[in-house]
Every structure is written in C-alpha cells, then in structure tokens.
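These notes are about the structure you will find just below.
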Amino acid sequence: MVDLDTPLKTLLGARAATLLADGLELSAVGDLLNHLPRRYHERGELTDLADLTLGETVTVQARVEKIERRPMRGSRRTMLLVTVTDGRLSLTLTFFNQTWRERDLRPGTTALFAGKVDEYRGRRQLVNPEVQLLDLEAGGDGDVGGEAFANALVPIYPAAAKVPSWTLAQCVRLALDSLEPVPDPLPEDLRQRHRLPPLAEAYRLVHQPDSRADVASGRKRLSWDEALVLQVALAQRRRQTESLATTPRMACPDGLLTAFDAALPFPLTRGQREVGAAIAADLARPVPMHRLLQGEVGSGKTVVALRAMLAVVDSGGQAVLLAPTETLAIQHSRSLRDMLGDLARGGELGGDDQATRLTLVTGSMGARARRETLAAIADGSAGLVVGTHALLHEDVVFADLGLIIVDEQHRFGVEQRDALRARGRRPPHLLVMTATPIPRTVAMTVFGDLEVSELTELPAGRAGVSTYVVPAAVRSWTDRMWGRIRDEVGTGRQAYVVCPRIGGAGADDDQVVGQDGEDGRPVRPAATVTEMLPLLVDGELAGLRVESLHGRLAPAQREAVMTSFADGKIDVLIATTVIEVGVNVPNATVMAVLDADRFGVSQLHQLRGRVGRGSAPGWCLLQTAVEPDAPAWQRLGAVAATSDGAELARLDLAQRREGDVLGAAQSGGRRSLRLLSLLRDEELIREARAEAVRLVDDDPGLDGHPTLRRLLNAVLDEESAAFLEKG
Ligand code: ADP
Ligand code: MG
C-alpha cells in the first residue's frame with residue numbers, strides 16, 4: 001500500500017521513477033496524482049490533425065491508412081512510412097529500423113501516437129513516435145497499457161519526451177490501485193455543504209473518468225483545495241495583522257492637514273471624503289492599516305494620499321510615497337509640492353511655521369544631494385519622502401516611518417508588502433493605490449488580506465474623453481487624426497502621440513509585450529518613437545514644438561522634457577507607455593495611439609486617462625492597421641465604446657494569461673493556482689473565502705484540521721521558497 005508521500009521509486013521501481021523525476025519533476029505518489037490530464041479523448045474519437053503545431057510534443061489518436069516499407073538510401077536497413085488519418089487530414093509517421101511495427105499497425109487500426117511534430121519536404125511528420133494500440137476488441141492481451149484505457153475517456157497528460165501520456169496513465173493506475181485511505185484536507189461538513197467528493201475519489205474522477213461530469217466533479221473538488229488553502233492563508237494574515245501593534249496617528253486640529261484643507265482650491269468629492277474618513281479611522285488605530293485604494297485615473301487619489309500623509313506628519317511621524325518608476329516619482333514630488341505650497345517648505349525662508357520638508361530620492365541624484373537628503377530623512381526633518389521602490393531596498397533610515405503609500409502598483413504581492421512592513425521601528429501603516437480596476441476575484445486573492453476602498457466618481461467639471469478607432473488604411477481618417485492634434489494645439493492645448501516601441505539601437509525596455517498576430521501571422525513591426533519623431537516633425541506636425549519621451553532617456557533628461565511639457569513649452573509629446581500612469585497635465589486634450597492593437601485593454605484605458613483631465617473635452621484616437629473583423633479591432637471598439645473601467649478589466653482578464661494578472665510572486669510559482677481560474681471561478685472563490693473566514697475564526701491555528709494545516713504549510717513553504725529564489 002502507498003500513501004501520497006510514498007516515493008515513486010517504491011511504487012514503480014528505480015527506472016520509471018527516474019524518468020518521471022527527470023522528465024516531469026514528479027517524485028512522490030502525491031505529485032503523480034496531482035499531475036492532471038490536460039484533456040481527454042473519447043475512445044475512438046480521432047484527433048484533429050489540423051491543430052498540430054510544428055515543434056510541439058503531441059499525443060494524437062489516429063487511424064492507420066496505409067503502411068509502406070522503404071529501403072534507406074546507402075544502407076541495408078529499412079524504414080517504415082505509416083500514413084495515419086483523422087478521417088480528413090493525414091500525417092506521416094516515419095519509423096527507422098522498426099519493421100516489426102508492421103505487424104501492429106495494419107490499415108484500419110486506431111492507436112495513440114506521441115512525438116514531436118516536425119516537417120519533411122513541406123509535410124508534417126512524427127519521427128519514431130511512441131505508439132499505444134487502442135484496439136481492445138481483440139480481447140486484450142494482458143498488456144497493462146491497454147488496461148489503462150479501459151474507461152470511456154482517454155486521459156491525455158502533459159507529457160515529456162520520454163514519458164508518453166499512456167505511460168503516465170499506467171503509473172497513475174498503479175498508484176490508485178494501491179492507495180491506502182488518504183486523509184482529507186477538506187473538513188467533512190464543508191464537503192457536504194458544497195457536494196464535493198473525498199480526495200481519493202476526486203483523483204479517480206479526474207484520472208479515470210467515465211464521463212465529462214466525472215471530470216468536472218473531480219476538478220471542482222481539487223480546485224476547492226486550492227481556493228481554500230489560499231483563502232485560509234489570507235484569513236490568517238488578516239488575523240495576524242490585527243495582532244500587530246503600531247503607533248496610532250492622528251491629525252491635530254491646528255496642524256498641517258487642517259491648514260492644507262483650508263487652502264484646497266476645490267471641494268473634495270464625496271468619495272474622497274468617505275475614503276479619507278476610513279483612512280483616518282484606520283490610522284488612528286493601534287494596529288497597522290492595510291488598505292487598497294482603487295480609483296479610476298483622474299479620480300483624485302493623490303489628494304487622498306497626501307491628506308493621509310499629512311495626518312501622519314501631524315502626529316510626529318514620516319510618510320513615504322513610492323512610485324513604480326523614477327519619472328513618476330519626480331512627477332509626484334512635483335505635484336505634491338504644488339499642492340502643498342508653503343506647507344512643504346519647512347526650514348526654508350518664507351516657509352510656513354509648521355511646514356515640513358518634502359524630499360525626493362532618486363537613483364540619479366548626486367552623491368552630495370543624496371547624503372543631505374538621507375540625513376534629513378534620518379533626523380526626521382523630512383516628513384514627506386517620495387521615491388521609487390529602490391528606496392526601501394537601500395539603507396535609507398527613517399526617524400519614525402509611520403505610513404507607506406504605494407502608488408500604481410497593482411501587482412504588488414504579499415511578500416513585497418511584508419518586506420515594506422519590516423522597515424519601520426513598528427510596522428507602518430500601508431496604503432496601496434491603483435487605477436487599474438481589479439476584477440473581484442483578483443481582489444479576493446492577490447489582495448485578499450487588504451481592506452478595499454474605491455473612488456467611484458470623478459471630480460466635477462471633467463468634460464470626459466471621446467474615443468475613436470482610426471483605421472490606418474483609410475487616408476482621410478488618419479489625416480483627420482493629425483488635423484485634430486493640430487487644431488487642439490492651435491487653441492493652446494497639448495497632445496500625446498503614443499508608440500508601442502522606442503526603436504533605434506538598444507533593448508526596447510518600454511516595449512509592449514505579447515502581441516503575436518492573432519492568427520499566428522507575423523505582425524508588421526510597430527511604430528517607434530525614434531522613427532515617428534523626425535517623420536512627424538517634417539510632416540504632419542511641422543511647425544509645432546515636438547519632443548520625445550521614453551524609458552531610455554537619462555532620468556534628468558526625462559525630467560526636463562516632462563517639466564517643459566507641464567509648463568506648456570512643448571506642444572506634442574511623442575512617447576512610449578512611460579506616460580501610462582500618473583502623468584498629470586490637464587492642458588493635454590488629445591492623444592493619438594499608434595498601432596493601438598499592440599496594447600492591452602486596461603493599458604489603453606490607462607493611457608487615455610492622461611487626457612480630458614481638465615475642463616476641456618478630451619480626444620483619444622486609437623489608430624490601427626488591423627482589419628475591422630479582427631479580434632484586435634473588437635477590443636479597440638470595446639475601449640472606444642465604454643469608459644467603465646470595471647467592464648474593461650473583465651475583458652482584459654479574459655484575454656490575458658492569469659500568470660500575467662497575478663505576477664510571478666503572487667501565483668506562487670504557478671503551483672498554488674493550477675486549477676483555479678480567476679475568470680471562471682468567482683463563485684467558488686467567494687464560497688471558499690467565506691468558509692476560510694469561518695474556519696480561521698473558530699480555529700485560528702487549525703488545530704482541529706491537521707491535514708489542512710499540513711497542506712497549507714507545504715504551499716506556504718513553496719511560495720516563500722519561490723520568492724526567496726527570485727531574490
Ligand atoms: P489619480 O487618481 O489619477 O491619481 P489625481 O489625484 O492625479 O488622480 O487627480 C487628478 C486631477 O484632479 C488633479 O489635477 C487633481 O488636482 C484634481 N482633483 C483631485 N480632486 C479633485 C476635486 N475634488 N475637485 C476637482 N479637482 C480635483
Ligand atoms: Mg495618480
């Protein structure tokens with residue numbers, strides 16, 4: 001008898017175990033049972049041969065059509081050419097020195113063939129494929145492989161070169177046949193509430209199903225394991241955060257915050273007031289705040305953040321605002337300084353009495369300036385600090401860090417948050433801000449340990465943005481696009497032209513990734529900043545003041561360009577996505593995105609948030625060379641049709657792989673979310689969350705659930721190992 005921890009060597013012998021370990025990294029019985037079929041063939045159903053991709057290792061079910069023996073040139077040996085078919089298309093199998101196969105592969109025989117697809121004289125073929133006969137009518141010949149396919153559905157496993165799918169099926173059969181009763185991580189009452197089979201039964205259902213319903217039921221059960229473990233981990237984190245002690249921070253009645261509010265040139269929106277109150281209440285508690293603030297581009301998150309920072313400074317602490325890039329950090333420090341006026345000029349002539357100092361830390365600052373800045377942070381005279389994440393990895397010492405605000409960083413994982421928290425003398429309060437609407441499932445998983453606030457309304461007086469898709473092939477449309485830019489500039493407004501790539505020599509850091517042709521056709525290289533700049537300066541935008549901005553410029557140069565643009569000294573900025581987040585120039589009213597099909601839905605939504613930030617209406621023109629019936633066009637059409645960020649986020653999630661959504665760290669090396677789909681399993685995740693909260697409330701240490709605790713620890717170990725490896 002074996003259990004889930006039994007080494008495969010014990011079950012299968014050394015040779016087979018080595019194959020599974022080397023090819024698929026499977027070492028214990030549990031690993032093998034968790035290596036799930038990728039899909040299932042109905043017995044007798046032939047694989048569509050049109051789907052084969054060159055270079056891929058495939059398992060196909062096909063019928064032998066004809067078989068031919070040929071002498072090999074310059075050799076006494078022979079080769080066997082077997083033509084197999086799916087009933088429509090055919091594929092050649094080439095066997096060298098395996099004439100004995102003639103006996104098995106008679107025309108009309110159906111079998112499974114596994115191998116790597118390659119090409120010979122323009123025809124797809126498999127060379128020396130592995131073969132598994134499926135005709136059991138002959139009565140079976142005691143072949144263990146045949147038995148593995150006794151069920152109505154034939155499991156097809158993600159296979160390795162030396163381990164064909166049916167070998168895996170045989171190994172799994174051996175494991176299931178000798179498996180002793182396994183302890184179940186899911187509590188019995190939970191299983192009953194949600195009608196889930198026991199663990200061992202679930203393994204049988206997914207590996208040896210008789211129907212699609214079996215598969216669904218087994219997979220659902222295994223998805224529950226994933227979801228519950230994840231949610232229990234998050235519930236425990238929330239509990240643990242609640243048990244930490246930190247310094248409560250409260251604004252004083254005649255302090256900086258009061259002075260700031262009094263000088264604010266606009267009334268706060270209702271949302272800003274409500275979120276502000278929730279944050280103030282959090283900050284006043286003796287446990288660290290742990291909150292996510294989500295709000296559309298332009299919804300006014302910065303003011304909310306700044307007010308929280310001022311409350312902390314009022315109480316004698318320091319607050320730091322972290323941006324994802326240096327350009328944004330520079331932007332932030334500029335706009336905070338603008339908003340604060342004299343209040344940020346502590347220690348300066350003409351500064352307000354109670355003013356504090358705002359410092360910007362960048363990687364490119366000179367040694368002397370850096371030393372002075374770090375000294376001001378260490379002695380506490382700098383109450384407000386702005387920088388990139390590098391700030392926290394370096395030896396920056398804070399006098400009394402009370403609040404960390406992380407801007408535009410929706411891929412900010414649990415581990416990064418932990419690293420930040422270790423920075424203060426006592427754990428600082430934490431506010432994560434994002435403009436990317438987060439689908440609920442992602443919020444419940446990646447951010448499941450945070451409280452979530454939302455800013456849903458835009459400040460009054462925004463005229464909004466009209467978005468149009470511009471077909472590059474239609475000259476009159478493209479002309480009108482450039483015309484619109486010239487018109488806006490003519491009335492004193494400014495414009496952005498966004499390109500997918502930087503171009504020129506060197507690596508394209510800002511390049512938009514993952515944009516293959518929709519149907520595998522190679523795509524035309526996308527427009528680049530360096531090539532558009534001279535073209536536009538001499539052509540469509542002649543006479544206007546045009547500059548470029550991208551990630552390869554030196555930080556000082558980037559800063560200079562941004563300042564000139566903000567000051568209105570540049571009419572048109574030709575840029576990459578470096579302007580995607582945080583850039584705030586209300587006078588910019590039009591944006592043309594070239595080769596817009598290369599961008600994701602959420603990204604386009606973010607980009608267009610750069611215009612229409614003032615009282616004048618904004619224009620966003622999405623130029624594309626794709627045809628109106630292409631999926632990419634539909635995507636652009638969706639962006640043009642709605643400004644509902646949540647709807648676009650759902651669309652975006654549907655089109656990306658989940659690893660991209662979660663980021664590598666959060667997906668825990670992809671292990672912890674193997675079955676669970678953030679797209680399809682919202683209901684399940686929600687239920688698992690409720691169950692997890694109940695479990696952890698009743699039994700925080702899971703003492704009554706040792707099997708669940710063991711699974712949880714294994715997953716957490718794996719995740720922290722993965723995180724440490726990434727450094
Ligand atoms: P985001 O949420 O994208 O970070 P910002 O905080 O940059 O948005 O705000 C966008 C613009 O709106 C800024 O120019 C800011 O000064 C302005 N703003 C913020 N709150 C209000 C308000 N309540 N009324 C009017 N304008 C506001
Ligand atoms: Mg912002």
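The values are calculated or read from the model by the stated rules, or taken from the named source; none is laboratory data. It should be emphasised that the depicted structure is a prediction, and the values quoted were computed from it without experimental measurement. Because the Cβ atoms are built from the backbone with ideal geometry, glycine has one as well, and the counts that use them run over all protein chains shown. SASA here: full protein model, heavy atoms, side chains in, ligands and nucleic acids out. Shrake-Rupley method; radii C 1.70, N 1.55, O 1.52, S 1.80 Å.
A Cβ distance below 7 Å, combined with a sequence gap of six or more or placement on separate chains, defines the contacts here; from the range 142-168, residues that are assigned to a loop (DSSP other than H, G, I, E, B) reach residues that are modelled with pLDDT of 55 or more and of a type in the set (Asp, Glu) in the pairs ASN151/ASP210; ALA152/GLU42; ALA152/ASP210; PRO164/GLU130. Against the numbered list (1) within 16 Å of ligand 2 (Cβ to nearest atom); (2) farther than 24 Å from ILE579 by Cβ, ALA435 comes up short only at (2). Here are some residues: ARG613, ARG608. Which one is closer than 16 Å to THR434 by Cα and within 14 Å of ligand 1 (Cβ to nearest atom)? On inspection, the qualifying residue turns out to be ARG608.
Cβ separations smaller than 6 Å between residues 6+ apart or across chains give the following pairs from the range 397-408 residues that are in contact (Cβ under 8 Å) with a residue 60 or more places away in the chain to residues that are open to solvent by less than 10 Å² (accessible area, probe 1.4 Å) and within 12 Å of ligand 2 (Cβ to nearest atom): ILE405/ALA305; ILE405/LEU321; ASP407/ALA323; ASP407/MET433. Annotation note: of ARG195, ARG249, the sole residue that is part of a loop (DSSP other than H, G, I, E, B), over 18 Å from LEU711 (Cα atoms) and open to solvent by less than 20 Å² (accessible area, probe 1.4 Å) is ARG249. Among the criteria (1) open to solvent by 30 Å² or more (accessible area, probe 1.4 Å); (2) away from ligand 1 (no atom under 16 Å from the Cβ), the one VAL465 does not fulfil is (2). Being without any contact (Cβ under 8 Å) to a residue 40 or more places away in the chain and either within 16 Å of ligand 2 (Cβ to nearest atom) or in the same structural domain as ALA375 (by TED's automatic domain parsing) (or both) is a property that holds for ARG345.
If you scan the range 22-32, which residues turn out to be within 27 Å of ARG710 (Cβ to Cβ) and either open to solvent by 40 Å² or more (accessible area, probe 1.4 Å) or in contact with a His (Cβ under 7 Å, 6 or more places away or on another chain) (or both)? Correct list: LEU24, GLU25, LEU26, SER27, ASP31.
Yes or no: VAL215 open to solvent by less than 30 Å² (accessible area, probe 1.4 Å), farther than 25 Å from GLU451 by Cα, out of contact with any Ser or Thr (no Cβ under 8 Å at 6 or more places or on another chain) and in a helix (DSSP H, G or I)? Taking the combined requirement at face value, the residue satisfies it.
Applying the selection to the range 247-276, what residues are under 32 Å from the mean Cα position of the chain (by Cα) and more than 24 Å from ALA344 (Cβ to Cβ)?
From the range 247-276, those under 32 Å from the mean Cα position of the chain (by Cα) are 269-276; that's our starting set.
Result: ARG270, GLY271, GLU274.
Within the range 424-441, residues that are assigned by TED's automatic domain parsing to the domain that holds ALA378 and assigned to a strand (DSSP E or B) reach partners that are within 14 Å of ligand 1 (Cβ to nearest atom) and of a type in the set (D, E, K, R) with beta carbons closer than 6 Å, at six or more positions or on different chains, in the pairs MET433/LYS301; MET433/ASP407. Can you spot a residue in the range 545-561 that is over 26 Å from the mean Cα position of the chain (by Cα), within 16 Å of ligand 2 (Cβ to nearest atom) and small (Gly, Ala, Ser)? Looking through the range 545-561, none of the residues is over 26 Å from the mean Cα position of the chain (by Cα), within 16 Å of ligand 2 (Cβ to nearest atom) and small (Gly, Ala, Ser). Looking only at the range 254-270, decide whether some residue is touching a residue at least 12 places away in the same chain (Cβ under 8 Å), within 14 Å of ligand 2 (Cβ to nearest atom) and either touching a Ser or Thr at 6+ places or on another chain (Cβ under 9 Å) or farther than 22 Å from VAL452 by Cα (or both). Looking through the range 254-270, none of the residues is touching a residue at least 12 places away in the same chain (Cβ under 8 Å), within 14 Å of ligand 2 (Cβ to nearest atom) and either touching a Ser or Thr at 6+ places or on another chain (Cβ under 9 Å) or farther than 22 Å from VAL452 by Cα (or both). A single entry from LEU4, LEU26, LEU19, LEU36 fulfils the requirement of being touching a Gly at 6+ places or on another chain (Cβ under 7 Å) and either assigned to a loop (DSSP other than H, G, I, E, B) or in contact (Cβ under 8 Å) with a residue 40 or more places away in the chain (or both): LEU4.
Condition check ((1) within 15 Å of ligand 1 (Cβ to nearest atom); (2) open to solvent by 60 Å² or more (accessible area, probe 1.4 Å); (3) not assigned by TED's automatic domain parsing to the domain that holds GLY448) across all residues:
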| position | (1), (2), (3) |
| --- | --- |
| ALA263 | yes, yes, no |
| THR269 | yes, no, no |
| VAL275 | yes, no, no |
| ALA278 | no, no, no |
| ALA281 | no, no, no |
| PRO286 | no, yes, no |
| HIS290 | no, no, no |
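For the range 43-54, check the following and say yes or no: at least one residue is free of Cβ contacts under 8 Å to residues at least 12 places away in the same chain and open to solvent by less than 50 Å² (accessible area, probe 1.4 Å). No, that holds for no residue.
ILE502 meets each of the listed conditions (1) open to solvent by less than 10 Å² (accessible area, probe 1.4 Å); (2) within 16 Å of ligand 2 (Cβ to nearest atom) apart from (2). Across the range 271-278, a minimum of one residue is classified as within 23 Å of LEU455 (Cβ to Cβ), more than 13 Å from ligand 2 (Cβ to nearest atom) and of a type in the set (D, E, K, R).
Taking the stated definitions as given, is ALA649 under 19 Å from the mean Cα position of the chain (by Cα), part of a helix (DSSP H, G or I) and at pLDDT 75 or above?
Numbers: under 19 Å from the mean Cα position of the chain (by Cα): yes; part of a helix (DSSP H, G or I): yes; at pLDDT 75 or above: yes.
Yes.
What do you reckon, is ARG558 crowded, with 18+ Cβ neighbours inside 10 Å, basic (Lys, Arg) and outside any helix (DSSP H, G or I)? Answer is no for this residue. The set of residues in the range 304-348 being assigned to a strand (DSSP E or B), within 15 Å of ligand 1 (Cβ to nearest atom) and not small (Gly, Ala, Ser) consists of LEU321, LEU322.
Identify, please: which residue in the range 616-629 is modelled with pLDDT under 90 and within 16 Å of ligand 1 (Cβ to nearest atom) and is, among those, surrounded by the fewest Cβ atoms within 10 Å (Cβ to Cβ)? Going through the qualifying residues, I end up with PRO617. Among the conditions (1) open to solvent by less than 10 Å² (accessible area, probe 1.4 Å); (2) within 16 Å of ligand 2 (Cβ to nearest atom); (3) touching a Lys or Arg at 6+ places or on another chain (Cβ under 7 Å), the only one that PRO586 does not satisfy is (1).
Here is the figure for the range 291-303: residues that are within 11 Å of ligand 2 (Cβ to nearest atom) and assigned to a strand (DSSP E or B) total 2. Inside the range 169-189, residues that are surrounded by 19 or more Cβ atoms within 10 Å (Cβ to Cβ) and free of Cβ contacts under 8 Å to residues at least 24 places away in the same chain make up a count of 0. For the range 387-404, state whether one or more residues are over 20 Å from VAL287 (Cα atoms), at pLDDT 90 or above and not polar (S, T, N, Q). Looking through the range 387-404, at least one residue is over 20 Å from VAL287 (Cα atoms), at pLDDT 90 or above and not polar (S, T, N, Q). Can you find even one residue in the range 614-635 that is aliphatic (A, V, I, L, M), within 16 Å of ligand 2 (Cβ to nearest atom) and not assigned by TED's automatic domain parsing to the domain that holds PHE266? There is no residue in the range 614-635 that is aliphatic (A, V, I, L, M), within 16 Å of ligand 2 (Cβ to nearest atom) and not assigned by TED's automatic domain parsing to the domain that holds PHE266.
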